[in-house]
Structures are given as structure tokens and as C-alpha cells.
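Participant: One structure, pasted below without further comment.
The values are calculated or read from the model by the stated rules, or taken from the named source; none is laboratory data. Just so it is clear, the structure is predicted and the values come from calculations on it, not from any experiment. Neighbour counts are summed over all protein chains in view; Cβ atoms, including those assigned to glycine, are modelled from backbone coordinates with ideal geometry.
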Ligand code: PLP
């Protein structure tokens, strides 16, 4: 098909040309005397992205899922109890992994479209007088439903009852797009991946581990080997890896972190908020459709999950967009399959790219019989963006 493919799934996201070029390198010796410069550049530039001075960033040759597994198997003893909430496919998959790894999970079942139920976290933690819960899990941004949760408030709930459990946060579709604060929020393990806000191909698990979690890892009895924090931290301290790292991914990461630093992390967050608000204007004011997120406090600035009207199959919208307009939209997963489609607005993008996605979604919806006004989404997004400041947080519209 002529023209570019419009990639608007909520990960993998568009890789900037600058990052692609940085990744086009000849292979080199990963044990050479100069290799530590690359390792150290990546690991030190990641610290401000996690907003940490004391925790340790770790890169695994995996995706985000590998970092979930690493968090569980490094920090916990076999069979330990953890507390988690389920409100979408990704919070579900993490819970499923915990069960399959043999951990006992207290699950806070929550309607899909809502976020982490803070009062119920608090109730479970305060009822746990014997401190059987060893880790509290929270998904900061549920990509399946477009819902963002308040990780800081989960930490406050833990602190308010002086609960000593570790706090694990999934920031796979939030890191480097929505604010995340490792130190301030007292997060012990943050789990993320390369293919979302970090604007890289999939294939690198990006995680960050607090000193408290590293200490727990020293005596934790769960079995692990390839994903062992200790091996990684010991090797990284000398500038190397315990096994052969992916050179292009490291060069790409160094470049993407440079781009984030140049734009300014707070400006990156602001751009995501501003672009997301335009997409929401298209959905709510233009198309008169509903988001899966049931209240504005849950609205995600990286992905919008858009409910299709009764009688329409969301999968048909997605198939039409792909086959006719070369536009990739995100699918409805599991419980919400067929009920919605998703527009990812994360990573390297701007207004005009998103207008393409909104126009394509609009045409595909019209083609499969959704009763919306042609042009209404595009017009509503334009109106929002023209009336609001783009660019730097303190700046005005250019
Ligand atoms: N957590 C969230 C919130 C996600 O969106 C994803 C993937 O989209 C994952 C975890 C799993 O990450 P990966 O596919 O990189 O293994």
C-alpha cells in the first residue's frame, strides 16, 4: 500500500528516525575497554527518567513481562503473599504470572474502566496485622482500558498503616510519558519496557530497583538465574553485562534518552497531556462516544480506549482502518474484545500525526456503520489544540 503505515497502537510506538539511525551500528566487542562508556551513559541517563538518585536501573534482554518476572523472583520467597488489583488485561496478566510462579495473590477485583481501588488497598493492608503481604502490586497505566492510577496514593496507604511490604509498580505504558517518581513515591521496583515512551523497538526490559528491594533480593529464595538482579548489578558496576547485550538497543536507548533530556522530561509529560486532551475532545465532543475510563480522574494521557456503540464490533473498525487506510489501531483485549478500539498517543508524536489517526478512525467507523458526523473528531481535536498552549509547560502556543 502506498504511503506510510500509521502506527497508533499503544506500543510499539513510532521510533524516531534519529533513534533508528543511532541503532545502525557495526557490531563491536562488548568486553572492550571502551564499552563501559555506553553502559554507563544509558544507566545514568535513566535515573532522572525514573526520578531516582538511590535506586538502580537495570536493562534485561526481554520485554516488560520479563521485568515483572524479575521483580517477583528476585525479591520474594517462594509462596509469598502479594496484594494486587485487576482492572484490565495487563493487571490481569501480572496476577496470572504471580499465580503461575506459585505466589499467593490477594486480588482486588475492580471494574474494567476504573483504576487502583485505594480504599480497598488500605483495607487489606490494615487487616494484614501479621504482615503476610510481602509485596503490593499496582499497574500505573492500564493500557487495555486507558486508565491511569495513583501510585503515590498506594504508597500513602501502605505508610498510613506502617506496612513494610515492597511496592512494585508497572509503568510499562507510563514511564517517560506520564509522571513517575521512584524515590518520592517509595516504589521498590518499577517495571517498564523499551517500546513505549522510550521510543525504541520492543526487546529491552527496563526496570529500576530500590536499595530495599536489592537487599531483599540477597536472601529471597525464589528461583531465578537469567533475570538475577545480583548478577546484573555486579556486572553493570564494572560497565559490563553478565551476558551479551544488544548493542543496537543500547545505542538506541542512549539516543532516545538524549532526545528526552533535550525536550525536558516535564515538557514530554506536558506534550502527552496536551495531545491526549485533543484526542479525548475528538472522542467525547466530536464523535459523542464514550471512553472505557469511567471518570476523568482515570483518563490516561498515553492511550484512549474508545467504546463503540451497541451493535458495532470494534474489531471491524480496527480491520477496516488497517486494510483500507493503512492505520494500526489498538484492539480490545479479553473482557473488552469487540467493545472498543484504542488510539495510542505515546512517544514521538505531534498534533498532525494524531489528526491522521483521528481522521482514519473516523473514516473506518463511518465505513462500518458508526453514526458519527464526518469530520467531527478532527474538528474537535483541532479546536482543542488551537485553543491550548503547545510546547513547553510555561510556554505559549507557537
Ligand atoms: N504492562 C503493561 C501496562 C503493558 O501495556 C504491557 C504491554 O503492552 C505489559 C505490561 C507487557 O509488556 P511487554 O509486552 O513489553 O512484555
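Participant: List the helices (runs of 4 or more DSSP H) inside segment 308-387, counting only whole elements, that have at least 2 residues being within 30 Å of residue 267 (Cβ to Cβ) and out of contact with any helix residue (DSSP H, G or I) (no Cβ under 6 Å at 6 or more places or on another chain).
Facilitator: 351-367, 376-387
Participant: Collect the residues in segment 208-246 that are closer than 22 Å to residue 48 by Cα and touching a helix residue (DSSP H, G or I) at 6+ places or on another chain (Cβ under 8 Å), keeping them in residue-number order.
Facilitator: The answer is 208, 209, 213, 214, 229, 233, 236, 238, 239, 240, 241.
Participant: Residue 62 - would you say it is surrounded by fewer than 24 Cβ atoms within 10 Å (Cβ to Cβ) and more than 17 Å from residue 163 (Cα to Cα)?
Facilitator: yes
Participant: Okay, moving on. Name the residue that is farthest from the ligand (Cβ to nearest atom), counting only residues in segment 75-97 that are buried (at least 24 other Cβ atoms within 10 Å of the Cβ) and assigned to a helix (DSSP H, G or I).
Facilitator: 75
Participant: Within segment 3-17, which residues are at pLDDT 95 or above, more than 22 Å from residue 340 (Cβ to Cβ) and away from the ligand (no atom under 16 Å from the Cβ)?
Facilitator: Hits for segment 3-17 are 16, 17.
Participant: Report, ordered by the first and then the second residue, all pairs with beta carbons closer than 7 Å, sequence separation of six or more or different chains, a first member in segment 196-207 that is under 10 Å from residue 12 (Cβ atoms), and a second member that is away from the ligand (no atom under 11 Å from the Cβ) and outside any loop (DSSP other than H, G, I, E, B).
Facilitator: So the pair list comes out as 199/19; 199/256; 200/19; 200/249; 200/252; 200/253; 200/256; 203/249.
Participant: Ok, one more. Scan segment 98-110 for residues that are surrounded by fewer than 18 Cβ atoms within 10 Å (Cβ to Cβ), in contact with a strand residue (DSSP E or B) (Cβ under 9 Å, 6 or more places away or on another chain) and either touching a residue at least 60 places away in the same chain (Cβ under 8 Å) or not in a strand (DSSP E or B) (or both) and report the count.
Facilitator: 1
Participant: Just checking, which of 212, 196, 218 is surrounded by 24 or more Cβ atoms within 10 Å (Cβ to Cβ) and either within 16 Å of the ligand (Cβ to nearest atom) or in a helix (DSSP H, G or I) (or both)?
Facilitator: Unique residue meeting the criteria: 196.
Participant: Still on this structure: Between a first residue in segment 136-156 that is away from the ligand (no atom under 13 Å from the Cβ) and a second residue that is part of a helix (DSSP H, G or I), which pairs have beta carbons less than 6 Å apart while being 6 or more apart in sequence or on different chains?
Facilitator: Listed pairs, sorted by first residue: 153/118; 154/121.
Participant: In segment 26-65, which residue that is within 16 Å of the ligand (Cβ to nearest atom) and assigned to a loop (DSSP other than H, G, I, E, B) is nearest to residue 200 (Cα to Cα)?
Facilitator: Only one residue tops the list, namely 63.
Participant: If the requirement is being in contact with a helix residue (DSSP H, G or I) (Cβ under 6 Å, 6 or more places away or on another chain) and either on the phi > 0 side of the Ramachandran plot or within 16 Å of the ligand (Cβ to nearest atom) (or both), which of these qualifies: 205, 113?
Facilitator: Just one listed residue meets the conditions, 205.
Participant: Does any residue of segment 142-156 turn out to be in a loop (DSSP other than H, G, I, E, B) and either in contact with a helix residue (DSSP H, G or I) (Cβ under 6 Å, 6 or more places away or on another chain) or over 22 Å from residue 111 (Cα atoms) (or both)?
Facilitator: Scanning segment 142-156, I find at least one residue that is in a loop (DSSP other than H, G, I, E, B) and either in contact with a helix residue (DSSP H, G or I) (Cβ under 6 Å, 6 or more places away or on another chain) or over 22 Å from residue 111 (Cα atoms) (or both), so the answer is yes.
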